[in-house]
Structures are given as structure tokens and as C-alpha cells.
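A short worksheet on the structure shown next.
The values are calculated or read from the model by the stated rules, or taken from the named source; none is laboratory data. Given the structure is predicted, the values throughout are model-derived calculations rather than measurements. Cβ sites come from the backbone with ideal geometry, for glycine too, and all protein chains shown count toward neighbours.
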Amino acid sequence: MDPEKPHHVPVDEVYDDKKPHAIDELEAAGEREGYVLNDASLAHERGLKTTADGQTILIPQPSDSPNDPLNWSWFRKHLILIIISCTALLPDYGSATGAVTLLAQGAEWHMDPNVVNHSQVGNVFMLGVGGPIIVAFAAYFGRYPVLFWFIVLAVATAIWCAAAQSFESFMAARILNGLFSTVAQGGGLMYIKDMFFFHEHARKINIWSGFIIVSPYLGPLLAAFIVSTQIWQWAFGVYAIETGLCLIAIILFVDETYYDRKTGQPELYPNAPRWQRMLGIQQRRTNYMRNSVKDAVMRPLVIICKPVVILACIYYMLSFAWVVGINTTLAILLGPIYGFQAKQIGFFYFTPVIAAILGEITGHWLHDLIAKVSAKRNGGRLEPEARLWASWVSLPFMASGLILMGFALERHYHYMLAALGWGLYVFGTMIVTVAVNSYVLDGYPEASGEVAAWVNFGRILGGVIVSYFMVEWEEKYGTIRQFGTMCGIVGAAFLIVLGLQLWGKRLRLWAGPAVFKTV
């Protein structure tokens, strides 16, 4: 079978014969007709590899090599997952840190804080733009070298942020740091797809997403305490240290996770020391990735042309944009309403951190439960659209949280009610984040990095847009109408979920799979 050409095999043929392609096509068949996971008799009859208990078919089927990342030890896989997740925490953490330092920077450089905020907007925008760039680089150079070199540059630009002596220098550092720091956020699904089986994806995405969702709140929380006792540069100094620690972990423990199971290409691992894979030397010398520059550049463009990917990104953008908008402007609202200083604002950020953690804990079981029930109701086949049922759970939390927060801020309810509203909304966004990422990954598993990059881009684009008018919007109409409109947009966006659940499969089949040289 030519790996560069689509090879469509009816799902019944895939699961019911013993030809060599039966193993390779399990995943492709799952995209088209639903994933078959819990059929022990079929697995035994057809010689498919399963989990140790024999109850769950492994998708994709691992090779027999111990160097296949799917065959790595539980500890090694999860160590790399935690390192990737911690690295994915950095971009939003560093971006939101700037929201706390605005006043001090404005005073030092004799500038309006709103003008200083342009550096933050530039940083946030690059977090979204960086995703498609990163996955294109990874397709050409390899996962590991791109991760390593981008974090090296992220450390350098983080130090630059702390050492900048002028606004112009600081803004340049922030923009570049946004591009480099987002490497594990924009392309994080690649590593999950490379190391874990289909039935594990939702829980691993839940872990990775949990770090991302908590990061924009953890940054201001710590930065508020730092700037209350130290100069603002220390907030970015701590961020630089954290980035450096992630770099050390990447150097010591991560490895190239892309593995070719289809072409019979010689293995990458036994032939050179790990540092050559980290620098990208071995991948280029062996032409391991097999993608030309054109192939690599076209991958993100091909996947964003798939209708369900566009629709999922729009839905996520309209649901999540308010997280960024609220986070970048809340300090401006809390001060006049409740008389909060930096330290009190820092304490206030405990609410979304706890809400995100609760959302992660809930999602640990929720997404698997939804998958199990949906597969049972669909004759044992789990279709990608079933992942979106979690959005039904998240909608009431997001809507009620926005409404409560709007009333609490305008009518000066106790600040704990405002915090509760914020927490409800963040809890809902945590659930929906996993649902959307799981959906696009199940729909296009051959494009794990690309779908993650575009979902992240949608999230960031919405946040950048609303950040420009959040304060003026509140001043003109008040938070009740402001947050009520947000709630209305979130509700209207949910119609996209309904559309995807009704017609998403037809759209995916009509658009066809994404056919790439490497998956």
C-alpha cells in the first residue's frame, strides 16, 4: 500500500479479514464508521492486539519493537506527558503575568498602561499564530528538535523580558516569546497521539488541557504577590526560571515521539545517541520525517480546509474568547468595585485555578463515561461526534457563570459571588476544551498536531479580539449587558455543536481524510 495515497477499505472488511492492511486500517476505519474498542471475541478471532485484560482493542495497533512509543513504559510515557503539559503551561502563564505588571511598567516608562498593554496583545496573538508554524516545522524537522530549539529561544526571550530597559525592547521580547513558548501548547496533541492509544486519549488530553486552562490564572496569581513586594522584573524572572526548568527536563527525559509503523523504514532510535535526535541531526541525516518543505507547509492549510475543523474552531473561539477577555481586564474592574490591591487580586485568582482543577478531576471520568455510553448505544462503535456530548454538560456552567458574574460586578454583590460566577465559567471551559480537542483528534488522527494548532489559534484569536474592547464595552453598557451578551454568544455558538452532531459525520466523509506522508 502506498502510504502517500488514500486507501479506503470498507469497515467490515477492515475488522473481518486477516490481510496485513487490517491492522493499519483500524484507525482509518474508525474515522469513517466509528471506532470498535470493546469486542474481545473479534480481537481474539482476528489476532488484534489488546490491552492486558483482553477487553480493549488497541488503536492504532503497535509494532513489535520496544522503540515504538506506544510500547514505552507507563512511567516513561507519563513523564514525557507531564513535561509536555508543564511546557504547555508556560505561554499563557507568561502572557497573563504581563497583565499584573502593566501599572508598574507604565510608571517606570512614563506611559499609559493601556499603551503598555499592546505588548501583551502582541504576545497573545503570537501564541495563536505560532501553532501552525510549529506543526509545519515538526513535520519537516521532527517533534523533538522543534520542541528543544523553541524552548531554548523561549528561555532567551523570557530573560530578555525581565532585562528589558525600554518599552520597545520589552515589546519585541514579548512578541518573540509568544511565538517560541507556545510549542507544547500549539502542538501538544502530537505527543499524546504518538504515545497513547485511542482509548486513552481523552484522559491524557484532560491532563494536558488542565495545565493550559489553569495557566492564565496561575500567572497573575503569583505575579500579584511578587509585584506587591518586589520590582516587576522579578515576575518575569520567575517565569524565565520556570521556562529554564522545563528546558532541563526536555533535555534529560524527552525523545523523538514520531514513529513510522507503516513503511518499514529503519528505526531512528538504535542508530545514534539521543542528543542527535534532540538537535535534529539524526532526523535530517536519515530523512526520517520524509516531508518536503512544501509537504510540511501544506499540512496546516489542508486540515483547516476541512469543514468540521473550521466549525469546531469557531465554536471553541466563541466559547473560550471571554476567558482571555475577562482575564486581561478583570484587575481593572476589581480595583474600583471592591478596592482590591495587587495582593487581593492575587487571592481572587485562586477561584479559576480551583475551578480548572475541579474541571480536570471531573473530566477524568466524564469523557470516558460519555464514550462508553455512546458506543453502547451505537452498536459498539464510538463515532467522533460523540465526544461533543460533553459540551452539553459544560453549557449550563458557562452560561450561569457569565450571568452571575455580570450581575455581581455591576450591582456590587459580595466579591465571593463574582468569584463563584468566574469559577462556574472556567469549570465549563475546562470540560469543553477536552471535548473539542478529542473530537477533532478522533476525526483526523493523522493530523494530531495540525488540529491542535488550529483549535489553539481559534482560542487565541477570539481572546485577542475581545481584549481590545472589553473595558470600553463595560464602561458604555455595564457588566450586566456585557456579560449577558457574552452568554448569548456562547449559547448561539452551541448551535454549531448541534450541527456537528447531526451532520458532522457526513461533512467528514464528504471532505475525506487528510492524506499526509507522515501521521
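Residues that are crowded, with 23+ Cβ neighbours inside 10 Å and under 16 Å from M317 (Cα atoms) occur in the range 413-427; there is at least one. Of the residues making up the range 101-154, just one is surrounded by fewer than 24 Cβ atoms within 10 Å (Cβ to Cβ), touching a Lys or Arg at 6+ places or on another chain (Cβ under 8 Å) and hydrophobic (A, V, I, L, M, F, W, C), namely F141. A Cβ distance below 6 Å, combined with a sequence gap of six or more or placement on separate chains, defines the contacts here; from the range 501-519, residues that are over 28 Å from P69 (Cα atoms) reach residues that are aliphatic (A, V, I, L, M) in the pairs Q501/L388; G504/V308; L507/V308; R508/V308. Of the residues making up the range 375-431, those that are over 30 Å from I59 (Cα atoms) and touching a Lys or Arg at 6+ places or on another chain (Cβ under 9 Å) are G406, E410. Scanning the range 26-44 for residues being surrounded by fewer than 17 Cβ atoms within 10 Å (Cβ to Cβ) and either in contact with a strand residue (DSSP E or B) (Cβ under 7 Å, 6 or more places away or on another chain) or aliphatic (A, V, I, L, M) (or both) gives a total of 2.
Within the range 62-79, does at least one residue satisfy the condition of being surrounded by 24 or more Cβ atoms within 10 Å (Cβ to Cβ), closer than 23 Å to S181 by Cβ and in contact (Cβ under 8 Å) with a residue 40 or more places away in the chain? So far as the range 62-79 goes, no, none of its residues is surrounded by 24 or more Cβ atoms within 10 Å (Cβ to Cβ), closer than 23 Å to S181 by Cβ and in contact (Cβ under 8 Å) with a residue 40 or more places away in the chain. With respect to S438, is the statement that it is of a type in the set (S, T, N, Q), assigned to a helix (DSSP H, G or I), surrounded by 24 or more Cβ atoms within 10 Å (Cβ to Cβ) and more than 17 Å from the chain's Cα centre (by Cα) true? Here the answer is no, as S438 does not meet what is asked. Determine, yes or no, whether T286 is closer than 30 Å to I403 by Cα, of a type in the set (S, T, N, Q) and surrounded by fewer than 23 Cβ atoms within 10 Å (Cβ to Cβ). Here the answer is no, as T286 does not meet what is asked.
Only one of the listed residues (I192, I226, I207, I241) is β-branched (V, I, T), assigned to a helix (DSSP H, G or I), modelled with pLDDT of 90 or more and closer than 24 Å to V100 by Cβ. That residue is I241. Filter the range 156-171 down to residues that are farther than 15 Å from W234 by Cα and in contact with a Ser or Thr (Cβ under 9 Å, 6 or more places away or on another chain) and give me whichever is modelled with the highest pLDDT. Within the range 156-171, the match that is modelled with the highest pLDDT is M171.
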